[in-house]
Amino acid sequence: FFFKQKTAYEIASGDWSSDVCSSDLQMVEMEETFSYLLKQLPATHETPGLLDDITYAGTSTGLTFVKINWMPEIEKEEFYTELPIKIDVVGDYHQFGNFVSEVAKLPRIVSLHDFSVTMDKDERLIFNVVAKTYRYKENP
């Protein structure tokens, strides 16, 4: 027997047979949501592009990068790997806020952790932060 996989739209619009029940609709919706969320996690070949996106977010808000480096990967749970990036930038409070806002708009999941704002010897403000993104483990 061959069964076509139905989308949530097909099921909701009534283009389905009477043997499909509400649990089938829920399963299709969950699969679509899971697929959408997986697309927000970078694949291995996409991580350099993510670094470029973060750098662009900073420079477009007027920040000057002092350092941006990948930190060691951290294996988490069964399903994902954490990919931390250490970032040090120079700017003012408004630029820091705009940078955080731009990072939040990125199409990939990026969270910011362990941030601090300090002043260097030249009385410039330095924003230190660890950005973390996540990669789905294909075979846990």
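HN-Hα J couplings of segment 49-64 from phi, Karplus 6.51/-1.76/1.60, θ = phi - 60°, integer Hz, Gly and Pro as x?
x, 5, 4, 4, 4, 5, 4, 5, 4, x, 5, 5, 9, x, 7, 10
Treating each Cα of segment 46-140 as an identical point scatterer and ignoring solvent, apply the Debye formula and state log10 I(q)/I(0) at q = 0.10, 0.12, 0.25 Å⁻¹.
At q = 0.10, 0.12, 0.25 Å⁻¹ the computed log10 ratios are -0.27, -0.39, -1.34.
Over segment 75-125, with the other protein chains present, what is the accessible area per residue in square angstrom, probe 1.4 angstrom?
With all protein chains present, segment 75-125 gives 64 Å² per residue.
Separation between the ASP114 and LEU25 pseudo-spin-labels, each 7 Å from Cα along Cα→Cβ, expressed in nm?
4.7 nm
So, with a 1.4 angstrom probe, what is the percent of accessible area on segment 64-139 that is carbon and sulfur?
Numbers: 2450 of 4730 Å².
Carbon and sulfur: 52 percent of the exposed surface of segment 64-139.
So, R0 is 41 Å and r is the distance between the beta-carbons of GLU77 and LEU125; what FRET efficiency does that work out to, to 0.05?
The pair GLU77/LEU125 has a calculated efficiency of 0.70.
Net charge around ASP120, counting only other residues with Cβ within less than 13 Å of its Cβ (Lys, Arg = +1; Asp, Glu = -1)? Kindly include the intermediate steps, with their values, before the conclusion.
On the way: positive: LYS67, LYS121, ARG124; negative: ASP88, ASP122, GLU123.
For residues surrounding ASP120, the net value is 0.
The values are calculated or read from the model by the stated rules, or taken from the named source; none is laboratory data. Treat the numbers as computed from the prediction; the structure is a model and nothing was measured. Cβ: placed from backbone, ideal geometry, glycine included. Neighbour counts: every protein chain shown. These area figures cover heavy atoms from the full protein model, side chains too; ligands, DNA and RNA do not enter into them. Shrake-Rupley method; radii C 1.70, N 1.55, O 1.52, S 1.80 Å.
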